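Working notes, structure below.
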Amino acid sequence: MRAGKKRGFELRDWHIDALIFIFIFGFLLYYYKPELLLSSTATTCGDTGSDNYLAKFMATELLPHGEIFGWSQGRWAGYPIFQFIFPLAYILMSLLSYVGVPLTIAFKLITALPNFLIPISAYVAMRWIGFKFPAPIISSALSLIFLFQEKN
């Protein structure tokens, strides 16, 4: 081993990774415009109209009573809400709304959050598996292809 060279993750590698992450998140913030994410408008596209209902029901009916699952009279003749839907995202939306973030904004932030977590997750997974520089940051950058493919 040469003098001055550290084993494993070098400082130069960390700088390159940080620079590429800045580009990745810069691109994501260019696409997911913060002024739109932070505007107090309801997200409506596809089935998100019904998801808005789920977020409101979690924030106003379930969590205040210490419940995660319940019965909703809002559609059909009532149904077991969150029985077949994973509730974590709606819990996070509700918790954000309790600290002063409007529920419409909390909905958009939590909905967009996975798009920012996938590049980080790809990087961490590759490091955890044992891949060395530059494989983790390349996998992080390539995760954008997964995020922006229009099929499925």
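The values are calculated or read from the model by the stated rules, or taken from the named source; none is laboratory data. What you see is a predicted model; the values in this text were computed from it and never measured. Ligands, DNA and RNA are excluded from the accessible area calculation, which covers all protein heavy atoms including side chains. Shrake-Rupley method; radii C 1.70, N 1.55, O 1.52, S 1.80 Å.
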> Largest first, what is the accessible-area ranking of VAL124, VAL99 with a 1.4 Å probe?
Replying inline: VAL99, VAL124
> If one takes the longest principal axis of the Cα atoms in the chain, at what angle in degrees, from 0 to 90 and to the nearest 10, does the Cα axis of helix 48-57 lie?
Replying inline: 70
> Cα centroid distance between region 47-62 and region 75-99, in Å?
Replying inline: 6
> Can you pull the percent of region 53-152's accessible area that's carbon plus sulfur, 1.4 Å probe, other chains left in place?
Replying inline: 71
> Which one is right for this structure if log10 I(q)/I(0) by the Debye sum over Cα atoms at q = 0.11, 0.20 Å⁻¹ is calculated from it: (i) -0.63, -1.31; (ii) -0.52, -1.30; (iii) -0.60, -1.19?
Replying inline: (iii)
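Using heavy-atom solvent-accessible surface (probe 1.4 Å) with all chains present, what is the largest-first order of PHE21, PHE84, PHE146? Present the calculation step by step, with values, prior to reporting the outcome.
On the way: PHE21 35, PHE84 180, PHE146 130 Å².
Accessible-area ranking of PHE21, PHE84, PHE146, largest first: PHE84, PHE146, PHE21.
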> What value, in deg cm²/dmol to 500, does the helix sum -39500 (n - 2.57) over DSSP H runs of n ≥ 4 give at 222 nm once divided by the residues of the chain?
Replying inline: -18500 deg cm²/dmol
>> Rolling a 1.4 Å sphere over the protein heavy atoms, what is the accessible area per residue of the chain, to the nearest Å²?
In response: 68
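Taking 0.36 nm per residue of sequence separation and subtracting the Cα-Cα distance, how much length would be gained by fully extending the chain between ASP47 and LEU142, in nm to one decimal? The partial results should precede the final answer.
Values: separation 95, 0.36 × 95 = 34.20 nm, distance 2.83 nm.
Here the answer is 31.4 nm.
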> Count of lysine pairs in the chain with Cα atoms under 27 Å apart, counting only pairs 8 or more residues apart in sequence or on different chains?
Replying inline: 7
